[in-house]
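The values are calculated or read from the model by the stated rules, or taken from the named source; none is laboratory data. None of these values were measured; they are calculated from a predicted model. Here the Cβ positions follow ideal geometry from the backbone for every residue, glycine too, while neighbour counts run over all protein chains shown.
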Amino acid sequence: MVNVTVNKTKLSLIVGDITKQNTDAIVNAANSSLLGGGGVDGAIHRAGGPQILEECKKIRARQGGCKTGEAVITTGGNLPARYVIHTVGPIWSGGNNNEPDLLANCYKNSLKLAVENGIKTVSFPSISTGAYGYPIDQAATVALKAVIDFLRNDDSLEEVIFVLFNEAIYKSYENALKEIGLIS
């Protein structure tokens, strides 16, 4: 486990199951339909129950889903977290379709939504690195830089946790933190 402080916010890396996190909000790596799917998205919808899907359907009716890089918020349903922030990561297609900016926007827009809703603690998965095929080492660097950049300009969050699915993904994030210079 790695803990660093950025501005006044604790930033942590852990290996774990995002559906079991007891933070105010967890972030869902959703698809643009907001109707659930595989990977993290499916796990969150299964663990959170039908209330999350019902709220996602209302958001769809209002605005027609969620665009890549954007974020929306729902209840946490049956999850320990009170809220789920759904964000849509880019599908990797070689890095020439604005994927890094879109991925960074997922993290920034999720944090912005958290702050707007008075949320103090947030857990993120590694967005776009599963079925969407984003190379983990590149995604870790983009994710951490985006979150650190946000935290340097906003001190209203108490803790941001990256909940990583396995040791290999954790190592990639740890290495990215070393490259950024926050840990040695």
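Taken together, 59, 73, 14, 52 contain a single residue that is among the hydrophobic types (A, V, I, L, M, F, W, C), without any contact (Cβ under 8 Å) to a residue 40 or more places away in the chain and surrounded by fewer than 22 Cβ atoms within 10 Å (Cβ to Cβ), which is 59. Every condition in (1) hydroxyl-bearing (Ser, Thr, Tyr); (2) touching a residue at least 40 places away in the same chain (Cβ under 8 Å); (3) more than 13 Å from residue 30 (Cβ to Cβ) holds for residue 110 except the one numbered (3).
Let me spell it out: the conditions are (1) buried (at least 22 other Cβ atoms within 10 Å of the Cβ); (2) of a type in the set (S, T, N, Q); (3) farther than 22 Å from residue 112 by Cα, and residue 9 meets all of them except one. Which number is the exception? For residue 9, the failing item is (3). Sub-7 Å Cβ pairs linking a first residue in region 76-97 that is in contact (Cβ under 8 Å) with a residue 60 or more places away in the chain and within 24 Å of residue 116 (Cα to Cα) to a second residue that is among the aromatic types (Phe, Trp, Tyr) and surrounded by fewer than 22 Cβ atoms within 10 Å (Cβ to Cβ), at least 6 apart or interchain, are 89/132, ordered by first then second residue. Restricting the search to region 5-51, which residues are among the polar types (S, T, N, Q) and either within 22 Å of residue 67 (Cα to Cα) or touching a Lys or Arg at 6+ places or on another chain (Cβ under 7 Å) (or both)? Those that are among the polar types (S, T, N, Q) and either within 22 Å of residue 67 (Cα to Cα) or touching a Lys or Arg at 6+ places or on another chain (Cβ under 7 Å) (or both): 7, 28, 31, 32, 33, 51.
Yes or no: residue 28 loosely packed, with under 14 Cβ neighbours inside 10 Å, modelled with pLDDT of 95 or more and not in a helix (DSSP H, G or I)? The answer is no for residue 28. Here residue 14 fulfils each of the conditions (1) at pLDDT 95 or above; (2) assigned to a helix (DSSP H, G or I); (3) of a type in the set (Val, Ile, Thr) apart from (2).
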